[in-house]
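Visitor: To start, I am sharing the structure in question, which I have written as structure tokens.
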Protein chains: 2
Amino acid sequence: MKKRKTLKDVAAAAGVSKMTASRALRGEKDVSRANVDKVRQAARDIGYYGNHLAASLSSARSDLIGVVVPSLSNIVFPQVMSGVTDALAGTGFQPVFGVTDYDTGKENEILRSMLSWRPAGLIVTGLDQPDDTRMLLADAGIPIVQIMDCDGDPVDACVGFSHTKAGHDIAEALIAEGRTRFGYAGCNMHKDTRAAKRKKGFLEALKAHGIELKAMVTDVALSSVVIGRDLTAQLLASHPELDCIYYSNDDLAAGGLFHCIDAGISVPERVVLAGFNGLDIIEGFPGKIATSRTSRREIGEAAAKMILDSLKNDKIESGRNVVVQPTISLGLLSKGGQAVG
Amino acid sequence: MKKRKTLKDVAAAAGVSKMTASRALRGEKDVSRANVDKVRQAARDIGYYGNHLAASLSSARSDLIGVVVPSLSNIVFPQVMSGVTDALAGTGFQPVFGVTDYDTGKENEILRSMLSWRPAGLIVTGLDQPDDTRMLLADAGIPIVQIMDCDGDPVDACVGFSHTKAGHDIAEALIAEGRTRFGYAGCNMHKDTRAAKRKKGFLEALKAHGIELKAMVTDVALSSVVIGRDLTAQLLASHPELDCIYYSNDDLAAGGLFHCIDAGISVPERVVLAGFNGLDIIEGFPGKIATSRTSRREIGEAAAKMILDSLKNDKIESGRNVVVQPTISLGLLSKGGQAVG
DNA sequence: ACTCATCTCAGTACCGGTATCGGTACCAGT
DNA sequence: ACTGGTACCGATACCGGTACTGAGATGAGT
């Protein structure tokens, strides 16, 4: 096995010192044009591609941005990741992703592991980390941006929206449309604290109007279209009087829509199905579901830009809470909020 | 800003040497039980979490596995990533993801960047890298597993299936069902070489039966349900005689199904829609599309396991081509291949 | 001619760990 | 008591870069 090329090899091939080679490759000044060319050429010739390990260790800084998300199976998070990736493109920083499976223990473990790579910054999903994890983040001494939520107290800064308010607002909108007999279907509620907040906001709004939830079904599994189908079938079988179902997200609502299409139940006339996220896919659906549209890419981009800002200004800007309000789309035929029926 | 804790701090706190602390934390033998406890406790007390940079540099090995995928917006790749993550869980290895956007230049760049972190192994999507990228991989001296394809010559090893055969096989199956008037709709064909291979296999099979493609529409954008809708509307408007449409993937086929539901076109009776991947979501659809089901998670897991194997045996096992044949599901009412009509 | 600033380059000391190797303590066997 | 083996521990030399410091060369100013 041939030995890996090092900077010394490049320097030797170019006939300069290690130091000059290092500077030339990094594009620093204080190197003559002639030597820059010689070094660049030598590096290309012998196929040298650097060693971030050594560089980062030596310079006590790295170009890694850690990004921690709870899941990959919900397309929302890959979209956030795309946003981060795009915002970081061309900046010299590179995202590193970690997945927690909605498990706080795993989250702590992943964060420790990431911190041990001395990242330049961290983007973490959610505001509800346990104390030990919070401490870990607070002591890291690097910019931390928490995303997808703003109901709570960020370690440092956050970009997101209020899930409580999102649940509240869509309830208000549905009530304004004349809906009165509500059901709820959710997945993974014990771990997905943000879904739980939406549900909380939703129920609070109902209560404020003196409306009681008629029925609720949940499943511990991760949300999926198929489960949404099943839960909807259950709900409508036991409570055929429902005129609106709120789901913990769009995947479930989509399953609900598909069930209704197959069962010949008219949506949204007889029953309104309301989800959360505003997935692109629902644009293509044969039927309309209500939803709160969130801007995932933008949140990812904004978070990455905040990190870059902090890094540029060489200080951690605390307390910057950027709120990106979701927009409600009811997908109903009636315009301007006029009541149906 | 308080200084980061180092191993020396731990050693001092535990009253042992740096070396003993290092060994204790890594669980090596040659350390007394008492000292292991002291060091562990000291590390916990002062909140030490190690420095992978220094560790990897010093030991000339790292616990990173690079994973390069073309896209995050196609749920298939996050699923592959999940498979890799799961297979790596508890092994001490950590995946690092990169996204190429189907761009070979970006792919090369990302691979260089990854290699500069001295990963223990690499998982790369596809077999059709340009020569310079191939060279980069071949010279890396670490196990490389290429995934999602087996039509071609792997640098080292691969886990996947033949897209050409997949296209061919589903064409055969559809012809056996009595379909004769075929259309094709595809996205991103100029960059997605695997989709192009499926199309090639599909057309070859048609030709072998003396069948000519009646119509074809493509779009340069990434595939999505909405675009699938549009392309299908175009195809069926200009060629209402089609009795089968083959799509470059399930996203498009789903859009096609939704269009047909809205347009009152019966699927699969009047027109069969065939996609590729076997997404979980189609299980929930109000209607059936044909597809080739691929096992993404399993491919990710298998690739990760192959890397771990190579690492354990301390040699790179070349030429291991694992083929995971997709299974065709036509979603038709007729059983046993009896012709329709 | 001499001083001084500027540009270029090289030497040295790290960064924070780990591999290696040489030692010390302790015990069993003879 | 002496030897040999085993368990444990620490000093030292790195890994491959970069920060820092200082030196030589060159040119301008006087």
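The values are calculated or read from the model by the stated rules, or taken from the named source; none is laboratory data. Here the structure is a predicted model, which is why all the values come from computation and not from measurement. Positions of Cβ are generated from backbone atoms using ideal geometry, with glycine treated the same way; all protein chains shown enter the neighbour counts. To get the accessible areas, we keep the full protein, side chains included, count just its heavy atoms, and leave off ligands, DNA and RNA. Shrake-Rupley method; radii C 1.70, N 1.55, O 1.52, S 1.80 Å.
Visitor: Anything in the stretch A:91-122 that is under 14 Å from the mean Cα position of the chain (by Cα) and within 15 Å of B:F93 (Cα to Cα)? List them, or say none.
Guide: Across the stretch A:91-122, the qualifying residues are A:V96, A:F97, A:G98, A:V99.
Per-residue answers, yes or no, for (1) closer than 18 Å to A:L222 by Cα; (2) without any contact (Cβ under 8 Å) to a residue 60 or more places away in the chain; (3) facing chain B (nearest Cβ under 10 Å); (4) in contact with a helix residue (DSSP H, G or I) (Cβ under 7 Å, 6 or more places away or on another chain):
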| site | (1), (2), (3), (4) |
| --- | --- |
| A:A237 | no, yes, no, no |
| A:E241 | no, no, no, no |
| A:I245 | no, no, no, yes |
| A:P268 | no, no, no, no |
| A:E283 | no, yes, yes, yes |
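Visitor: Identify all residues within the stretch B:101-119 that are modelled with pLDDT under 95 and either outside the structural domain of B:R134 (by TED's automatic domain parsing) or among the hydroxyl-bearing types (S, T, Y) (or both); write none if there are none.
Guide: B:S113, B:S116
Visitor: Which condition from (1) without any contact (Cβ under 8 Å) to a residue 40 or more places away in the chain; (2) on the phi > 0 side of the Ramachandran plot is the one that A:E28 breaks?
Guide: The number of the failed condition is (2).
Visitor: Please identify the pairs in which a residue from the stretch A:130-158 that is open to solvent by 50 Å² or more (accessible area, probe 1.4 Å) has its Cβ atom under 7 Å from the Cβ atom of a residue that is assigned to a loop (DSSP other than H, G, I, E, B), counting only partners at least 6 apart or on another chain.
Guide: Listed by first residue and then by second, the contacts come to A:R134/A:V155; A:A138/A:V155; A:D139/B:G47; A:D153/A:L127.
Visitor: For the stretch A:1-33, name all the residues that are farther than 22 Å from B:E109 by Cα, within 10 Å of DNA strand D (Cβ to nearest atom), out of contact with any Ser or Thr (no Cβ under 7 Å at 6 or more places or on another chain) and open to solvent by less than 50 Å² (accessible area, probe 1.4 Å).
Guide: A:T20 - this is the single residue of the stretch A:1-33 that is farther than 22 Å from B:E109 by Cα, within 10 Å of DNA strand D (Cβ to nearest atom), out of contact with any Ser or Thr (no Cβ under 7 Å at 6 or more places or on another chain) and open to solvent by less than 50 Å² (accessible area, probe 1.4 Å).
Visitor: Do you know which residues across the stretch B:138-150 are at pLDDT 95 or above and more than 24 Å from A:M114 (Cα to Cα)?
Guide: B:V145, B:Q146, B:I147, B:M148, B:D149, B:C150
Visitor: Any idea which residue in the stretch A:11-36 is farthest from the other protein chains (Cβ to nearest Cβ), counting only those that are in a loop (DSSP other than H, G, I, E, B) and near DNA strand C (Cβ under 9 Å from one of its atoms)?
Guide: So in the stretch A:11-36, the residues in a loop (DSSP other than H, G, I, E, B) come out as A:15-17, A:27-32.
So of that shortlist, the ones also near DNA strand C (Cβ under 9 Å from one of its atoms) come out as A:15-17, A:29-32.
Numbers: A:G15: 24, A:V16: 21, A:S17: 21, A:K29: 23, A:D30: 24, A:V31: 21, A:S32: 26 Å.
Here the answer is A:S32.
Visitor: A further question on this structure: Report the residue count in the stretch A:56-68 for those that are within 10 Å of another protein chain (Cβ to nearest Cβ) and either of a type in the set (A, V, I, L, M) or part of a loop (DSSP other than H, G, I, E, B) (or both).
Guide: Going through the stretch A:56-68 one residue at a time, the tally reaches 6.
Visitor: Quick one: which strands (runs of 3 or more DSSP E) sit completely within the stretch B:222-338 and have at least 2 residues that are open to solvent by less than 40 Å² (accessible area, probe 1.4 Å) and farther than 30 Å from B:I123 by Cβ? If you could, list the steps in order and put the result at the bottom.
Guide: Values: elements: B:244-247, B:272-274, B:291-293, B:320-323, B:327-329.
Passing ranges, in order: B:244-247, B:272-274.
Visitor: Only one of B:A89, B:A157 is within 14 Å of chain A (Cβ to nearest Cβ) and of a type in the set (G, A, S); which? Working first, answer last.
Guide: Numbers: B:A157 fails: within 14 Å of chain A (Cβ to nearest Cβ).
Exactly one residue qualifies, and that residue is B:A89.
Visitor: Looking at B:V39, is it assigned to a loop (DSSP other than H, G, I, E, B) and away from chain A (no Cβ under 14 Å)? Break it down stepwise before answering.
Guide: On the way: assigned to a loop (DSSP other than H, G, I, E, B): no; away from chain A (no Cβ under 14 Å): yes.
Here the answer is no, as B:V39 does not meet what is asked.
Visitor: For the stretch A:75-102, which positions are open to solvent by less than 60 Å² (accessible area, probe 1.4 Å) and assigned to a loop (DSSP other than H, G, I, E, B)?
Guide: Passing the criteria: A:I75, A:T91, A:G92, A:F93, A:T100, A:Y102.
Visitor: Let me ask you something else. Six or more apart or on different chains, Cβ atoms under 8 Å: show the pairs whose first residue is in the stretch A:97-116 and over 15 Å from B:V96 (Cβ atoms) and whose second is acidic (D, E) and open to solvent by 60 Å² or more (accessible area, probe 1.4 Å).
Guide: Correct list of pairs: A:N108/A:D132.
Residue-wise test of (1) crowded, with 21+ Cβ neighbours inside 10 Å; (2) within 11 Å of DNA strand D (Cβ to nearest atom).
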position: B:N35; (1), (2): no, yes
position: B:V39; (1), (2): yes, yes
position: B:R44; (1), (2): no, no
position: B:L53; (1), (2): yes, yes
position: B:S59; (1), (2): no, yes
position: B:D63; (1), (2): no, no
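Visitor: Moving on to the next point. If A:H52 satisfies every condition in (1) in contact with a Ser or Thr (Cβ under 8 Å, 6 or more places away or on another chain); (2) more than 11 Å from every other protein chain (Cβ to nearest Cβ); (3) within 14 Å of DNA strand C (Cβ to nearest atom) but one, which is the exception?
Guide: (2)
Visitor: Given the conditions (1) open to solvent by 30 Å² or more (accessible area, probe 1.4 Å); (2) more than 7 Å from DNA strand C (Cβ to nearest atom); (3) in contact (Cβ under 8 Å) with a residue 12 or more places away in the chain, report the number of the one that A:V68 does not fulfil.
Guide: (1)
Visitor: Spot the failing condition for B:K200; the list is (1) surrounded by 17 or more Cβ atoms within 10 Å (Cβ to Cβ); (2) within 26 Å of the chain's Cα centre (by Cα), and only one is missed.
Guide: Just one mismatch for B:K200, condition (1).
Visitor: Answer with yes or no whether B:G201 is part of a helix (DSSP H, G or I), at negative phi, among the small types (G, A, S) and out of contact with any strand residue (DSSP E or B) (no Cβ under 9 Å at 6 or more places or on another chain).
Guide: Values: part of a helix (DSSP H, G or I): yes; at negative phi: yes; among the small types (G, A, S): yes; out of contact with any strand residue (DSSP E or B) (no Cβ under 9 Å at 6 or more places or on another chain): yes.
For B:G201, the condition - part of a helix (DSSP H, G or I), at negative phi, among the small types (G, A, S) and out of contact with any strand residue (DSSP E or B) (no Cβ under 9 Å at 6 or more places or on another chain) - is met.
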